[in-house]
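Let me begin by presenting the structure, written as structure tokens, before commenting on it.
The values are calculated or read from the model by the stated rules, or taken from the named source; none is laboratory data. Bear in mind that the values here come from a model prediction, so they are computed numbers and not experimental data. Here the Cβ positions follow ideal geometry from the backbone for every residue, glycine too, while neighbour counts run over all protein chains shown.
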Amino acid sequence: MLSPERRPSMVERRPSFFSFQQPTPLIVPHLAGIEDPLPETTPEKVDVLIVGTGMVESVLAAALSWQGSNVLHVDSNDYYGDSSATLTVEQIKRWVSQINDNQIPCYKNAKLYVSNDIGPNGKYQSRTFGIDLSPKIMFAKSDLLSILVKSRVYQYLEFQALSTFHTFENDSFEKLQNSRQEIFTNDTLPLMTKRNLMKFIKFVLDWEQQPEIWEPYKDKSLAEFLVDKFKLDKPQVFELIFSIGLCYNIDTKVPESLQRIRRYLISFDVYGPFPVLYSKYGGAGEISQGFCRSAAVAGATYKLNEKLVTYNPETKIATFEDGSKVEVEEKVVMSPSQAPEYSYNMPEQKYEVHRLTCIVEKNCSEWFNNSESAAVIVFPPNSLKSGNKEVVQAIIIGSGSECCPDGTCIWYLSTTQQGPRAEMDLDAALEAMEISIIRESSTKIPEDDNLVQVTQDGHSIVNSFKLGQSFKEYVTREKVQLLAKLYYTQLTNTPPFNVVNPALFDHSQEQINKFIPNASDNGVIYTAMPSGEISYDEVVTAAKVIYEKIVGSDDDFFDVDFEDEDPMAMGNDGTAPTYDENAIEDDDEDEDVDMNRDDDNNEFVGKMEI
Amino acid sequence: MQHGIKRRQWTKDLLDQKREDDEKKIASYKSLVKSMFQCRDNDDYTYEAIELTTNLLDMNPEFNTAWNYRRDIISSIKTQLDLGFWKNELKFTMIQLKKFPKVYWIWNHRVWTLDNFPSQQLTIWQGELTVVDALLELDSRNFHGWHYRRMVISKIEELSHSSLNKKEFDYVTSKINKNISNYSAWHQRVQLITDMLSKDQITDKVDFIKKEIDYITNAIFTDAEDQSVWFYIVWMVKFPTIRALLSKEDYSNFLRELKDNALMINADEVDFSGKENVWCLKIVLEIEIIQRLLCEPIVEAVSKDYLEKLIKLDPLRQNRYRFLLSKLP
């Protein structure tokens, strides 16, 4: 039985623009369980069985299918996306009860409040909200974006720019200043600070080639390196580490943090003056679904509501709850969130990611840049009332993303703090955000001529009595209306400061050869649950590692050669188009990006109208 | 469904098909050329003949003969053409330029069209300025664009009997703020300041120059490696008008502070990376040359030392440095 309600699918909503260079309108392939009915039977024999339709699994399914493998991709839920899904409010309600009934592995402590304003009789309909279980932002220069272009899955999606990064410091939100342009025009930075900042930025863009500068600090924290070598001050150091590098705490080591800072800076100006993109209509949920559709085109079979019960590595037979079986020639790959009973081989998911997701009845446009509808806020260590040791990161998604109706927005807060402290930190961050949005969006203190006066010798004094009155008045005037509040803890085996480590999979390799008696999952390769990482960085690495285990090498990972619909679609001089399938080239190639191929992504890049 | 099917053995068929299509295109082009020459030889200066050149130029905008013929026709039937025609002519060149932005003949024709516009001359040229604005948005360092801009501005100034210097100065400043490495923008700044000073368009000149000094100081601290900034500073330091406008004391201070800043930046560079900043060395050299010329006291002269360094660091110009070394007292 399929979900009673779901978000409108990619096929149902047409792209909001048409590319003039496309001779025929884009056809988004149908997916079983959404536009097409679910298959009644599954194939008898496949090369690979993938269980769970999250990000890593979906990328893998597409990669394997295009490589020629016969893939059966199943999910025990009645929706796509698994731990990365984008769900409606009703679906979230159901999801939360399932967690509290212990029906979903790797999740715990789920708490949900939903206001009456959301519902069949309320102001807002449940399915106008698309809530990401695993909210993420995508860097413009990233392996995921490369894969999206290579596989052409980007054609099913729409992306928006996100250029606003706020750092919370001293009870206020400071906007990021990181480009040479901003540094140059900033009147408040002392000259030598400008020089030091620029020195660092130039260095970090090419840091691996300058070991003489960073290697003496390789086991030290980045903060030490920045203060010692570049003579930067605390505000710049914090901005670089936490807002640009998006690190979790002050102890992040030099090589990892330089990599993260570089990732931000090289992503800037790839498609425009912003480093990061957000997927419209939903983040990871839409993207993973996109890869599933691509896999389906390449021949993969899809089935929802299909729960794996056990796998026998000797007979190579996988058995599902509905009694059906399939013989798996090569491997079974499974997300820990789909693990059946008696899955003794699953690696210990010992790290917690605590999340707090709120639907707020405010449009939060004060936080967004120009025509954008999303922003990131970072709360560095010790910036909150709770004395947070770890960073709290927040993604704010406005209604322009089509994930929530006008006048509302979604706040995704998360922290890698382990244990019960996490909720305190999340609450403190939420409070700070509520205060800030009220302050910024409330009506300004009325222009009162008697408020500010100038004395005889030219000093201006503020009539503090009047000011106090004004403040008192507007503080009690408004409160942020929360339409929904969701807490949950997600478990993962990726340590909070590392991107997925290939060594993690060697762990399961040993166990593949060592069968635990009575286990339902002997011989199964487990993927990694999403970590606290705010970007999609870990996804492609994880998919590649597993791909290599199955295929032998990752040379042909997404090495697809698409037939163009119209061989006559050539350039004016009659030559075949010479564009590179990759809009993003590898790091060691030229930084210049060929913008011509991203017609669909030009939504937010200004077009010259003459 | 054709979408995204993996390619198989299409290439040979594709090539054959392409050859066939090419032959058709070549035949059609050749016949167009023939027709055009026939018309021209028959002194056909009619509106229909213009259409002929349109089709030809669409296929090959570099065929200058066709442009010339087109202009001849337009000139001879000028009285029959309305404003709409001229507007279309501009549109036509714009479409061609979008496809072939570097073909000089299209630019020439566009300028000719603008020059020959029958009315609303000023409006037309002002419109052209917005076109250049858009162009420079896309590629702010294209010196062809800047050159074209100067031409457009001078036409507007001629037609409106006014100077656009102040506005242009703000425009140039915003371009530099966006990207310090914009050599064309700094160059334009030089032209503008020179012109504004000579036409007495600046009310408080001393204040203006002092603000300019702050501006370039900000620039060298933000990026001491950018050659555009240093070239500009050398001009500022040597420009006699600036020297004349500042009091002796102000000018001395200007030189002294610039030298101190350059020394500071260089010392910081050596401390950080072990390397000298060649630009800093050079500017200090220039300053000390001027100071000697003006018989100013030089605090801690480093010329000899720096010249010897530069001979090694900038071997391309070593003979100049040796020459300067020989001229030192």
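Numbers below:
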{"quantity": "Count of region B:146-173 residues which are within 13 Å of another protein chain (Cβ to nearest Cβ) and at pLDDT below 95", "calculated": "0"}
{"quantity": "Residue under evaluation B:Val132, criteria (1) more than 14 Å from every other protein chain (Cβ to nearest Cβ); (2) in a helix (DSSP H, G or I), criterion not met", "calculated": "(1)"}
{"quantity": "Number of positions in region A:66-100 that are within 14 Å of another protein chain (Cβ to nearest Cβ) and surrounded by fewer than 24 Cβ atoms within 10 Å (Cβ to Cβ)", "calculated": "3"}
{"quantity": "Residue check for A:His166: in contact with a Phe, Trp or Tyr (Cβ under 7 Å, 6 or more places away or on another chain), more than 29 Å from A:Thr42 (Cβ to Cβ) and not assigned by TED's automatic domain parsing to the domain that holds A:Glu440", "calculated": "yes"}
{"quantity": "B:Ile216 vs. criteria within 13 Å of chain A (Cβ to nearest Cβ) and closer than 21 Å to B:Arg243 by Cα", "calculated": "yes"}
{"quantity": "Residues of region B:271-297 classified as more than 20 Å from B:Ser228 (Cβ to Cβ), part of a helix (DSSP H, G or I), away from chain A (no Cβ under 13 Å) and without any contact (Cβ under 8 Å) to a residue 40 or more places away in the chain, total", "calculated": "5"}
{"quantity": "Residues located in region A:215-229, provided they are assigned to a helix (DSSP H, G or I), in contact with a Lys or Arg (Cβ under 8 Å, 6 or more places away or on another chain) and surrounded by fewer than 20 Cβ atoms within 10 Å (Cβ to Cβ)", "calculated": "A:Tyr217"}
{"quantity": "Residue among B:Val229, B:Val190 that is farther than 21 Å from A:Leu197 by Cβ, at pLDDT 95 or above and under 21 Å from the mean Cα position of the chain (by Cα)", "calculated": "B:Val190"}
{"quantity": "Filtered residues of region B:226-267 (kept if surrounded by 15 or more Cβ atoms within 10 Å (Cβ to Cβ), within 14 Å of another protein chain (Cβ to nearest Cβ) and within 13 Å of B:Cys280 (Cα to Cα))", "calculated": "B:Asp226, B:Val229, B:Leu258, B:Asn261, B:Ala262, B:Leu263, B:Met264, B:Ile265, B:Asn266"}
{"quantity": "So A:Lys316, is it out of contact with any Pro (no Cβ under 6 Å at 6 or more places or on another chain) and under 24 Å from A:Ala61 (Cβ atoms)", "calculated": "yes"}
{"quantity": "Any hit, region A:242-249, residues being more than 23 Å from the chain's Cα centre (by Cα) and part of a helix (DSSP H, G or I)", "calculated": "no"}
{"quantity": "Single match in B:Asp195, B:Asp204 (criterion: out of contact with any helix residue (DSSP H, G or I) (no Cβ under 8 Å at 6 or more places or on another chain) and either closer than 20 Å to B:Arg243 by Cα or loosely packed, with under 14 Cβ neighbours inside 10 Å (or both))", "calculated": "B:Asp204"}
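Residue-wise test of (1) touching a Lys or Arg at 6+ places or on another chain (Cβ under 7 Å); (2) more than 14 Å from chain A (Cβ to nearest Cβ); (3) of a type outside the set (S, T, N, Q).
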| residue | (1), (2), (3) |
| --- | --- |
| B:Ile180 | yes, no, yes |
| B:Ser184 | yes, yes, no |
| B:Ile193 | no, yes, yes |
| B:Asp204 | no, yes, yes |
| B:Glu212 | no, yes, yes |
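Each row is one residue, and each column tells you yes or no for (1) surrounded by 23 or more Cβ atoms within 10 Å (Cβ to Cβ); (2) in the same structural domain as A:Ser76 (by TED's automatic domain parsing); (3) more than 23 Å from A:Asn77 (Cα to Cα).
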position: A:Asp251; (1), (2), (3): no, no, yes
position: A:Gln289; (1), (2), (3): yes, yes, no
position: A:Leu308; (1), (2), (3): yes, yes, no
position: A:Asn312; (1), (2), (3): no, yes, no
